[in-house]
């Protein structure tokens, strides 16, 4: 009986050690995948800005508008995963500032994804039957306004830039202080939020889209920094 119990105990310990080893091997791979996800999100964010159609009702039914706004939804999905990986890699080092920046950017991407999903799926269908609503939505995006009061839809949309600005500033500072990933990329990420606010205030709408490019470049930079970072090898557990 004692031998049988010892054999079962050894087998249980062996299985637990194997599971633990697999978890240690899998976690760095997930972190690296999140780095590539950040690269994809930053690339899409940077590329679509110069080619984005004008925010007018005539653009809604065009193929360019549907394709580009669909990419915005994809960008948000990759952005959520990428930001999570950046934070997970340095969760202890970034402290409360990193947590606050991570939460703000995650909420930004989640809310932005809802609006981005509605653009290619709902607006083209509503344009012929509810042109006033669609025109007001486009005016909300361009800052020109519209004839219809969109209520909470517009209020939440106007909160998104604040989440974006504060999230980038706090998360960038936290990454800079953590000293794990590229500090120059962290500086660019932190500065891209205030820089975007200045450019939006000074430039016309079509040119203000270029304010998003620095953030996209910073996200690409940090993603590569996370992907190519050398981590200490995980030691194999002694079995038996």
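The values are calculated or read from the model by the stated rules, or taken from the named source; none is laboratory data. Since this is a predicted model, take the numbers as computed values, not measurements. Positions of Cβ are generated from backbone atoms using ideal geometry, with glycine treated the same way; all protein chains shown enter the neighbour counts.
Of all the numbered requirements in (1) over 24 Å from residue 229 (Cα atoms); (2) surrounded by 19 or more Cβ atoms within 10 Å (Cβ to Cβ); (3) at pLDDT 90 or above, residue 74 misses one, and that requirement is (2).
Among the residues examined, residue 216 qualifies as modelled with pLDDT under 95 and either in contact with a strand residue (DSSP E or B) (Cβ under 6 Å, 6 or more places away or on another chain) or under 20 Å from residue 102 (Cβ atoms) (or both).
Say whether the condition of being touching a helix residue (DSSP H, G or I) at 6+ places or on another chain (Cβ under 6 Å), surrounded by 12 or more Cβ atoms within 10 Å (Cβ to Cβ) and modelled with pLDDT of 90 or more is met by at least one residue in the range 25-35. Yes. Candidates 185, 190, 178: the one that is over 18 Å from residue 80 (Cβ atoms) and under 15 Å from the mean Cα position of the chain (by Cα) is 190.
Kindly check whether there is at least one residue in the range 180-195 that is at pLDDT below 90 and either touching a strand residue (DSSP E or B) at 6+ places or on another chain (Cβ under 7 Å) or outside any helix (DSSP H, G or I) (or both). No; the residues of the range 180-195 include none that is at pLDDT below 90 and either touching a strand residue (DSSP E or B) at 6+ places or on another chain (Cβ under 7 Å) or outside any helix (DSSP H, G or I) (or both). Only one entry of 166, 219, 188 meets the criterion of being surrounded by fewer than 18 Cβ atoms within 10 Å (Cβ to Cβ), more than 25 Å from residue 56 (Cβ to Cβ) and in contact (Cβ under 8 Å) with a residue 24 or more places away in the chain, and that entry is 166. Considering the range 132-145, and only residues there that are touching a helix residue (DSSP H, G or I) at 6+ places or on another chain (Cβ under 7 Å) and not in a loop (DSSP other than H, G, I, E, B), the residue that is surrounded by the fewest Cβ atoms within 10 Å (Cβ to Cβ) turns out to be 142. Selection of the range 39-73 for residues being more than 22 Å from the chain's Cα centre (by Cα) and either touching a residue at least 40 places away in the same chain (Cβ under 8 Å) or part of a helix (DSSP H, G or I) (or both) yields 54, 55, 56, 57, 58, 59, 60, 61, 63, 64.
Answer with yes or no whether residue 129 is free of Cβ contacts under 8 Å to residues at least 60 places away in the same chain and surrounded by fewer than 14 Cβ atoms within 10 Å (Cβ to Cβ). Against the criterion (free of Cβ contacts under 8 Å to residues at least 60 places away in the same chain and surrounded by fewer than 14 Cβ atoms within 10 Å (Cβ to Cβ)), residue 129 qualifies.
I'd like to check something: does the range 81-95 contain any residue that is out of contact with any helix residue (DSSP H, G or I) (no Cβ under 8 Å at 6 or more places or on another chain), surrounded by fewer than 19 Cβ atoms within 10 Å (Cβ to Cβ), under 25 Å from residue 190 (Cα atoms) and at pLDDT below 95? Scanning the range 81-95, I find at least one residue that is out of contact with any helix residue (DSSP H, G or I) (no Cβ under 8 Å at 6 or more places or on another chain), surrounded by fewer than 19 Cβ atoms within 10 Å (Cβ to Cβ), under 25 Å from residue 190 (Cα atoms) and at pLDDT below 95, so the answer is yes. The sole residue among 148, 113 that is in contact with a helix residue (DSSP H, G or I) (Cβ under 7 Å, 6 or more places away or on another chain) and either touching a residue at least 40 places away in the same chain (Cβ under 8 Å) or within 21 Å of residue 201 (Cβ to Cβ) (or both) is 113.
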